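Working notes, beginning with the structure itself.
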Amino acid sequence: MSSLDQDQRLHPCCRDKITISSDLLDTRELAKQPLQGLKLASHAVLEKAQQRGRLKCSKCGGSRMFFCYTCCSLMGVSLQEIPLIKLPVKIDIIKHPNETDGKSTAIHAKLLAPSDVTIYTYPCIPEYDKDKVVLVFPGPRAVSVQNMMQWLHNGTDSRSHDSSDEPCIKRLKREEVQEAAHTAENPESGTPDQKEVSESKVYPLQRVVFIDSTWNQTNKISTDERLQDLLQVELKMRKTCFWRHQKGKPDTYLATIEAIYYFLKDLHEHCLSLEYNGEYDNLLFFYSYLHSVVNKAKTSAGKC
């Protein structure tokens with residue numbers, strides 16, 4: 001278990017009053033470095049790029065560090081120098097047109113998992129098959145990641161066999177789960193046909209939709225009729241580490257890259273029933289480094 005996960009389980013209301021002083025100190029220490037313990041590629045390339053300073057984007061002319069969030073291109077680092085991740089499902093990010101590109105973390109996912117992540121700007125939303133796609137967004141009708149597969153199976157069965165509304169639990173064969181997990185972790189292994197067959201056995205889920213927007217702007221996208229038939233999934237018991245915390249919003253409102261990371265981690269552990277060994281930690285490659293840079297700047301300025 002990484003210290004990031006340990007930090008999520010701490011809450012002042014759960015502490016013993018007698019030991020609150022020492023516990024508070026421990027909590028503060030964890031809060032200072034909430035992203036420690038992840039299995040990340042070396043940040044040396046980002047440190048060097050930061051020392052060289054900002055560069056001018058050849059496409060839009062913007063002054064950028066590490067990547068151009070407008071043109072979705074790397075700046076000062078090459079594709080060979082950053083980790084590339086193969087995801088078990090496709091990720092679609094629906095971005096609000098008024099969302100500030102420079103404040104969004106959606107670009108991190110696109111750069112680190114380019115073959116599996118697509119960013120759309122609202123009102124552009126593709127047509128989705130509701131039997132194979134879920135929307136990650138909180139709400140009264142949302143289900144947990146743990147129960148997601150049951151509901152997807154149930155939806156498919158009810159339309160195919162006119163079954164009852166109760167979710168049916170389908171157990172996956174252990175060898176099928178391991179085979180697909182191996183394929184996801186080793187994308188070069190196996191032929192395209194073999195990968196497609198193994199993934200179809202394990203995942204009724206093929207695509208996951210996330211909304212990239214400030215929380216005050218999400219309603220227009222989340223209530224769009226094109227997303228209404230999708231199973232809604234909610235991430236629970238997670239707290240954000242984002243340095244741009246939205247005023248008046250709880251700390252359970254995650255940055256886009258955090259939501260993607262936690263969803264995939266929960267999918268791996270709870271739906272595939274496999275031990276998590278940092279398979280998707282590098283999705284936080286840019287995020288964790290920027291977090292450390294911001295914290296150092298705050299410390300130097302005496303703000304933390």
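Which value, in Å² and to the nearest 10, is the accessible area of C71 when all protein chains are kept and the probe is 1.4 Å?
40
For the range 45-147, what proportion of DSSP beta bridges, expressed in % and rounded to the nearest 5, is antiparallel?
Values: 6 of 11 bridges.
Taking every DSSP beta bridge with both residues in the range 45-147, the antiparallel ones total about 55 percent.
The values are calculated or read from the model by the stated rules, or taken from the named source; none is laboratory data. Predicted model, so just to flag it, every value in this text is computed and none were measured. To get the accessible areas, we keep the full protein, side chains included, count just its heavy atoms, and leave off ligands, DNA and RNA. Shrake-Rupley method; radii C 1.70, N 1.55, O 1.52, S 1.80 Å.
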